[in-house]
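Notes to accompany the following structure.
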Amino acid sequence: MVFSGGLADNIEPQFGLNNHRLEDIGLTLRPELRIEAYQKKIDQQDIYKEILKMLPGIGMIGGFNFNSNNLLYTNTWGEIGIRATFNLMSMIQGPRAIAVAKQAVDLSEERRVALSVAILSQINLAINEYANSLDTYKTAKDVDRVGVQIGRVADSVSEAGAQSEADRIRRQLTVLTTRIARDRAQVRVLSSLASVYSATGMDLVPAGAELQDLPTLTSQVEQAIIRWQAGQLPELPTAAPAPEPAPSTSATPAAPLQTAKAD
């Protein structure tokens with residue numbers, strides 16, 4: 001008896017380990033960086049708010065006057081003017097408040113840079129883990145292939161009566177051990193591949209999912225799963241076209257994800 005089977009045979013993630021492409025995706029899609037970008041905009045608005053607090057309050061004043069004294073040359077007249085008011089506390093505290101707001105902007109930028117470095121580290125570690133697990137899987141698959149051949153030989157020898165039943169069972173246990181090692185290696189490949197997807201911020205659920213009805217959302221998720229299994233990376237928004245497009249920026253299909261397929 002020869003052991004066969006294992007994990008799903010059609011699971012074979014073909015992943016072109018393009019570190020730069022994955023880093024660009026991670027720096028674009030990771031929600032933490034988006035949060036920091038919005039926080040920086042909020043902090044910048046706080047600077048403008050503190051500046052506005054220091055500005056004087058300007059208002060218009062006017063009125064119409066009448067005097068019943070008939071001896072006056074003009075006993076009716078109007079007046080209009082501009083009144084400016086200053087808040088002394090705002091004038092005193094304003095420079096300090098503006099400095100604090102600017103420091104908040106600088107701190108937000110430093111957090112964004114530090115977070116970007118951490119995300120790039122996560123992506124590269126995930127890619128290295130995936131590459132190592134894929135190599136381990138290929139080795140385990142080769143060992144399993146040899147184990148299957150040993151099992152077939154053991155069956156043939158056992159049928160010919162040239163070995164005891166205990167020897168045949170021992171060899172079949174060795175075959176089973178190599179098959180388990182292969183399946184475990186394949187699970188590690190898929191787990192590390194999921195870490196790559198997680199590190200880059202790719203999400204199965206499309207943006208605006210809360211606005212979609214259930215059948216439409218189901219279809220979109222199914223299509224996303226198909227693209228993931230095919231190894232298609234998401235397309236990033238492109239900047240304004242340059243006057244002369246470089247040959248390297250020509251639209252080419254994303255490199256398919258390299259997968260580990262069980263025999």
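The values are calculated or read from the model by the stated rules, or taken from the named source; none is laboratory data. None of these values were measured; they are calculated from a predicted model. Because the Cβ atoms are built from the backbone with ideal geometry, glycine has one as well, and the counts that use them run over all protein chains shown. Protein only, heavy atoms only, side chains kept; ligands, DNA and RNA dropped before computing areas. Shrake-Rupley method; radii C 1.70, N 1.55, O 1.52, S 1.80 Å.
Remarks
- The lysines whose alpha-carbon is closer than 23 Å to the alpha-carbon of Lys138, local same-chain residues fewer than 8 away aside, are Lys261.
- Computed from label points 7 Å out along Cα-Cβ, the spacing between Val205 and Tyr73 is 8.1 nm.
- Formal net charge of residues neighbouring Leu125 (Cβ-Cβ distance under 15 Å; K, R +1; D, E -1): 0
- Proximal lysines to Lys40, defined as alpha-carbon separation beneath 19 angstrom and excluding residues fewer than eight positions away on the same chain: Lys49, Lys102
- Cα→Cβ-extended label distance, 7 Å offset, between Leu55 and Ser121, nm: 4.4 nm
- Estimated at the nearest 10 Å², the accessible area of Asp203 is 100 Å² with a 1.4 Å probe.
- The Arg152 and Val187 beta-carbon pair, evaluated with R₀ = 30 Å, returns a calculated FRET efficiency of approximately 0.70.
- On the basis of the beta-carbon distance and an R0 of 30 Å, Arg21 and Ser219 show a calculated FRET efficiency of 0.65.
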